[in-house]
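Novice: First the structure, which I've put down as structure tokens, then a few questions once you've had a look.
The values are calculated or read from the model by the stated rules, or taken from the named source; none is laboratory data. Note that this is a predicted model, so its numbers are computed, not measured. No Cβ is skipped: glycine too gets one built from the backbone with ideal geometry, and neighbour counts run over all protein chains shown.
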Amino acid sequence: MSGNGKDMRTPLGRVAGLGSAHSGTGHFWWQRLTAVANVPLTIAFVVILVSLFGRNQAAAQQILGTPVVAIIMLLFIASITYHMRLGMQVVIEDYVHGEIIRPLLIMANTFFTIAVGLAAGYGILKLSFGV
Amino acid sequence: MADTRARERPLSPHIQIYRWPLPMMMSITHRVTGIGLYFGTILIAWWLIAVASGPGGYSRFTAFINTWVGRLILFGYTWALIHHMLGGIRHLIWDTGHGFEQSEREWLALATIVGSVTLTLLLWIIGYFFIGGAR
């Protein structure tokens with residue numbers, strides 16, 4: 001491949017291997033990696049959710065503040081927020097084509113996912129340290 | 001002279017006319033549930049902060065979630081979560097290069113919707129009638 005005289009790519013482009021989008025397979029890979037992580041974490045989250053049905057605040061804090069539960073919740077929040085940032089980016093890229101609005105929405109997507117992820121993570125840490 | 005009359009060509013049926021194939025519906029549903037779950041994380045963050053902020057904050061959250069609108073949102077969120085997870089597993093199966101035959105695609109699409117509805121109802125029956133609910 002590299003010895004082919006017809007290859008129009010520069011040596012730098014060949015070494016970087018990022019293709020025409022200049023971002024390589026990073027988006028695809030992280031989307032799949034977080035998707036795989038989300039499966040056991042979502043099952044765990046649903047079990048935690050059901051175990052908290054109808055409990056009062058003290059009981060909910062007691063259960064959520066257990067180290068294992070709190071750590072599972074933190075991993076769940078981290079994985080789903082990163083996954084949903086990638087997913088929403090694809091949705092924006094598919095449907096929004098305005099030169100200004102598109103990059104603004106992609107920025108807003110990152111702002112929202114970081115903010116909601118931090119808010120949820122803050123909640124878990126605060127209730128855990130309060131146990 | 002060449003015949004310039006428009007020939008009778010088959011027309012592509014409009015989206016409202018033809019029967020939607022189930023895999024197509026599940027593809028759209030996967031994206032729609034993903035968007036729903038995206039905004040549903042606000043509810044998770046509110047819930048966790050409410051638990052952390054003590055009985056007062058938690059009662060404001062439960063007051064909302066115990067209205068019929070709140071219950072409907074929570075029910076929809078749990079279904080969307082399970083549906084998106086099963087749809088995601090379907091995509092991971094496709095990533096391995098399997099499940100692309102006509103019958104397999106139909107079967108996977110059917111398993112996604114039947115599985116998500118069954119699991120969601122089961123989850124709510126267990127959670128509502130056997131663990132908590134109106135307490």
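Novice: Would you say A:Ser79 is more than 24 Å from B:Gly57 (Cα to Cα), of a type in the set (Ser, Thr, Tyr) and without any contact (Cβ under 8 Å) to a residue 40 or more places away in the chain?
Specialist: For A:Ser79, the condition - more than 24 Å from B:Gly57 (Cα to Cα), of a type in the set (Ser, Thr, Tyr) and without any contact (Cβ under 8 Å) to a residue 40 or more places away in the chain - is not met.
Novice: Let me ask you something else. Looking at A:Phe28, A:Phe45, A:Phe53 in this structure, which one is outside any loop (DSSP other than H, G, I, E, B) and either modelled with pLDDT of 95 or more or buried (at least 17 other Cβ atoms within 10 Å of the Cβ) (or both)?
Specialist: Details: A:Phe28 fails: either modelled with pLDDT of 95 or more or buried (at least 17 other Cβ atoms within 10 Å of the Cβ) (or both); A:Phe53 fails: outside any loop (DSSP other than H, G, I, E, B).
Among A:Phe28, A:Phe45, A:Phe53, only A:Phe45 is outside any loop (DSSP other than H, G, I, E, B) and either modelled with pLDDT of 95 or more or buried (at least 17 other Cβ atoms within 10 Å of the Cβ) (or both).
Novice: Ok, one more. Quick one: in segment A:38-65, of everything that is of a type in the set (Val, Ile, Thr) and at the interface with chain B (Cβ under 9 Å from one of its Cβ atoms), which residue is farthest from A:Thr81 (Cα to Cα)?
Specialist: Top of the filtered list is A:Val50.
Novice: Can you tell me which residue is modelled with the lowest pLDDT among those in segment A:1-25 that are over 23 Å from A:Met84 (Cβ atoms) and hydrophobic (A, V, I, L, M, F, W, C)?
Specialist: Looking at the filtered set, the residue picked out is A:Met1.
Novice: Can you go through B:Thr120, B:Thr33, B:Thr41, B:Thr78 and tell me which one is part of a helix (DSSP H, G or I), more than 10 Å from chain A (Cβ to nearest Cβ), surrounded by 18 or more Cβ atoms within 10 Å (Cβ to Cβ) and of a type outside the set (Phe, Trp, Tyr)?
Specialist: B:Thr33
Conditions (1) without any contact (Cβ under 8 Å) to a residue 12 or more places away in the chain; (2) in contact with a helix residue (DSSP H, G or I) (Cβ under 9 Å, 6 or more places away or on another chain); (3) at the interface with chain A (Cβ under 7 Å from one of its Cβ atoms); (4) surrounded by 19 or more Cβ atoms within 10 Å (Cβ to Cβ), marked per residue:
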site	(1), (2), (3), (4)
B:Tyr58	yes, yes, yes, yes
B:Leu72	yes, no, no, no
B:Leu92	yes, yes, yes, no
B:Trp107	yes, no, no, no
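Novice: Restricting attention to segment B:44-56, which residues are within 7 Å of chain A (Cβ to nearest Cβ) and either among the charged types (D, E, K, R) or touching a Gly at 6+ places or on another chain (Cβ under 8 Å) (or both)?
Specialist: Step one: list which residues in segment B:44-56 are within 7 Å of chain A (Cβ to nearest Cβ), which gives B:44-45, B:48-49, B:51-52, B:54-55.
Across segment B:44-56, the qualifying residues are B:Ala45, B:Leu48, B:Ile49, B:Val51, B:Ala52.
Novice: Looking at (1) in contact with a helix residue (DSSP H, G or I) (Cβ under 7 Å, 6 or more places away or on another chain); (2) farther than 19 Å from A:Leu118 by Cβ, which is the only condition A:Met73 fails?
Specialist: (2)
Novice: Still on this structure, please answer the following. Could you check how many residues of segment A:1-25 are surrounded by fewer than 11 Cβ atoms within 10 Å (Cβ to Cβ) and either touching a residue at least 60 places away in the same chain (Cβ under 8 Å) or among the hydrophobic types (A, V, I, L, M, F, W, C) (or both)?
Specialist: Matching residues across segment A:1-25 total 5.
Novice: Can you find even one residue in segment B:44-65 that is at pLDDT below 95 and β-branched (Val, Ile, Thr)?
Specialist: yes
Novice: Follow-up question, since we're still on this one. Taking the condition of being of a type outside the set (S, T, N, Q), outside any loop (DSSP other than H, G, I, E, B) and more than 14 Å from the chain's Cα centre (by Cα), how many residues in segment A:107-131 meet it?
Specialist: If we filter segment A:107-131 for residues that are of a type outside the set (S, T, N, Q), which is where we start, we get A:107-108, A:111-112, A:114-127, A:129-131.
Those still in the list that are outside any loop (DSSP other than H, G, I, E, B) too: A:107-108, A:111-112, A:114-127, A:129.
Those still in the list that are more than 14 Å from the chain's Cα centre (by Cα) too: A:107-108, A:119, A:122-127, A:129.
The qualifying residues number 10.
Novice: Quick one: which of A:Val91, A:Val96, A:Val68 is out of contact with any helix residue (DSSP H, G or I) (no Cβ under 9 Å at 6 or more places or on another chain) and without any contact (Cβ under 8 Å) to a residue 12 or more places away in the chain? Give the derivation first.
Specialist: Values: A:Val91 fails: out of contact with any helix residue (DSSP H, G or I) (no Cβ under 9 Å at 6 or more places or on another chain); A:Val96 fails: out of contact with any helix residue (DSSP H, G or I) (no Cβ under 9 Å at 6 or more places or on another chain).
From the options A:Val91, A:Val96, A:Val68, the qualifying one is A:Val68.
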